[in-house]
Amino acid sequence: MKLYWGLVFSVLLVIRNQRVAAEDGFVRSRGRQFILNGSPFYANGFNAYWLMFVASDPSLRDKVSSAFQEAANNGLTIARTWAFSDGGYKALQTSPGSYNEQMFQALDFVISEARKHGIKMILSLVNNYENLGGKRQYVDWARNQGQSIASNDDFFSNSVVKQYYKNHIKTVLTRRNSVTGVAYKDEPTIMAWELMNEPRCTSDPSGNTIQAWITEMASYVKSIDTNHMLEAGLEGFYGASKQQTNPNFQVGTDFIANNQIKGIDFATVHSYPDQWLSGSSFDSQLSFLNNWVDNHIQDAQNILQKPLLFAEFGKSLKDSGSDQRDRVFNTVYSAIYSSARGGGAAVGGLFWQLLAEGMDSFRDGYEVILSESSSTVSLIAQESQKLGHIRRMYERLRNIERWKRAREIRRAQWWAGAGNKVDGTGN
């Protein structure tokens, strides 16, 4: 009996220690699931593009800490933010290959705060749009060096521009955090890299240009960093084979082909029916959203066979009430939970966007402030609890199996010892 209870205590101690360090591991992809420390990882999350920008002002860093604390209080464990600011005001990269150390230290602080609060980070490396520089800034830099640039879409094909971007990738991935001392490529708090926020190449609706660019850049990222997952940053628009599922426009991407590229570890979807179908009724937008979500879950499950993260979704309050926003959140959250509880491909969702109190200048209509009690905040907390329950269920099953294996080993050792004594070989 002493042996039995000693074994139980030892296993419980191991389980406790694993829980203490539960957030310390790297998140991996395995089949259709995320895996953290050997167990499937389902998580609720948020977008906060502003984290580095705000953290660059030491007097405002409490906004970053407050946002992470409120997020943790509501069970949120993934944050997506920008690891770029190219040219212009408060630039991280002031010119090709030149960096503002103050801004980098701000990003260091953001990562260290996420680590304190047990929140995994997705860091996006460049913007499709002009905000904070983006691909336009890169092509302008190349044009100023004498390159013949036809449009901003040359970002994806011009060799000089691509080298500028690769240099940025290498600089960020090999950065050593001034707060923690850990290189970004070795930091488990970082869950994944994102090649671009919403890549679009309208000059090539076939998707071939984007396909070639993702292939080249995914290979380059993996040549530097084998610890972290990588995703492309796609909104989820389909190519010609399933074009009828899209809103009535093309952006030169292909959800299926782009996510089948080697090195892309999971797929992403963004969902903004209020923007994409702005002239339609809310009921029509909600119907589109239902189909959009379901189609992508099924395709990730059956065709891609990779995890699927709803990396952006939301509903602006500028032209609607909170009841409509809640219906959008509930549509996305319900689909994610339904898939996750059956071991499906949907692994979580990240709403746009989280703000801390006192950030009125950052309001865009989509903001959620978790410290302000609302029906939307309740939905967010409930989804966190439900996905957390699935994760804990898998952890318990894993620990039970570990306990059973340990028990069988101890039994075998006991019987071996007993046998030695019976045949006279024991002491």
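Run the quick spin-label model on SER287 and GLN305: label points 7 Å from Cα toward the beta carbon, then report their separation in nm to one decimal.
Going by the 7 Å Cα→Cβ label model, 3.6 nm.
Cross-link list LYS90/LYS318; LYS120/LYS222; LYS63/LYS262; LYS120/LYS306: which exceed 30 angstrom alpha carbon to alpha carbon?
LYS63/LYS262
What number, rounded to the nearest 500 deg cm²/dmol, is the helix-based mean residue ellipticity at 222 nm of the chain, given -39500 (n - 2.57) per DSSP H run of at least four residues and division by all its residues?
Per the formula, -15000 deg cm²/dmol.
At a Förster radius of 56 Å, what calculated FRET efficiency corresponds to the Cβ-Cβ distance of LYS90 and ILE409, to the nearest 0.05?
With a Förster radius of 56 Å, E is 0.45.
How far is it, in nm, from the label point at GLU357 to the one at GLU101 when both lie 7 Å from their Cα along the line to the Cβ?
With each label point 7 Å from Cα toward Cβ, the separation is 3.6 nm.
Which aspartates and glutamates does LYS185 reach when only Cα atoms under 20 Å apart count, and residues fewer than 8 places away in its own chain are ignored?
The qualifying aspartates and glutamates are GLU23, ASP24, GLU101, ASP108, GLU113, GLU194, GLU216, ASP225, GLU231, ASP265.
Suppose R0 equals 22 Å. What FRET efficiency, 1/(1 + (r/R0)^6) with r the Cβ-Cβ distance, do ASN330 and ASN73 give to the nearest 0.05? Kindly include the intermediate steps, with their values, before the conclusion.
Values: r = 21 Å, r/R0 = 0.96.
Efficiency, rounded to the nearest 0.05: 0.55.
Compute the Cα gyration tensor for region 2-421, then decide on rounded, prolate or oblate, letting a ≥ b ≥ c be the square roots of its eigenvalues: rounded whenever a/c is under 1.5, prolate when a/b is larger than b/c in the other cases, and oblate in all that remain.
Working: a/c = 1.62, a/b = 1.46, b/c = 1.11.
In terms of gyration-tensor shape, prolate.
Please work out whether region 271-403 counts as rounded, prolate or oblate from its C-alpha gyration tensor, where a ≥ b ≥ c are the square roots of the eigenvalues and a/c under 1.5 means rounded, while otherwise a/b larger than b/c means prolate and anything else oblate?
Here region 271-403 falls in the oblate category.
Each label point is 7 Å from the Cα along the Cα-to-Cβ direction; what then is the distance between the points at ALA150 and ARG176, in nm?
Label-label distance for ALA150 and ARG176, simple model: 4.5 nm.
Per-residue HN-Hα couplings for region 189-195, Karplus 6.51 cos²θ - 1.76 cosθ + 1.60 at θ = phi - 60°, whole Hz, x for Gly and Pro?
Those phi angles translate into 4, 6, 7, 7, 9, 10, 5 Hz.
Sorted by mean Cβ packing within 10 Å, highest first, what order do the peptides 326-333, 232-239, 256-263 take?
Peptide ranking by packing, descending: 232-239, 326-333, 256-263.
Kindly express, to the nearest 10 degrees and within the range 0 to 90, the angle between helix 134-144's C-alpha long axis and the longest C-alpha principal axis of the chain.
So the helix axis and the longest Cα principal axis differ by about 50 degrees.
Using +1 on the beta carbon of Lys and Arg, -1 on that of Asp and Glu, and nothing else charged, what's the dipole of region 2-421 about the Cα centre, debye to 20?
For region 2-421, the charge dipole is close to 2520 debye.
Just to confirm the filter: which chymotrypsin sites (Phe, Trp or Tyr not before Pro) across region 80-184 are DSSP coil and have at most 16 other Cβ within 10 angstrom of their Cβ?
TYR89, TYR129
Return the loop-located GluC sites (Glu not before Pro) in region 86-145 (DSSP other than H, G, I, E, B) with at most 16 other Cβ atoms within 10 Å of their own Cβ; answer none if there are none.
GLU130
Every number here is computed from the coordinates shown, using simple stated rules; none is lab data. Everything quoted here is computed from the prediction, not taken from an experiment. Neighbour counts are summed over all protein chains in view; Cβ atoms, including those assigned to glycine, are modelled from backbone coordinates with ideal geometry.
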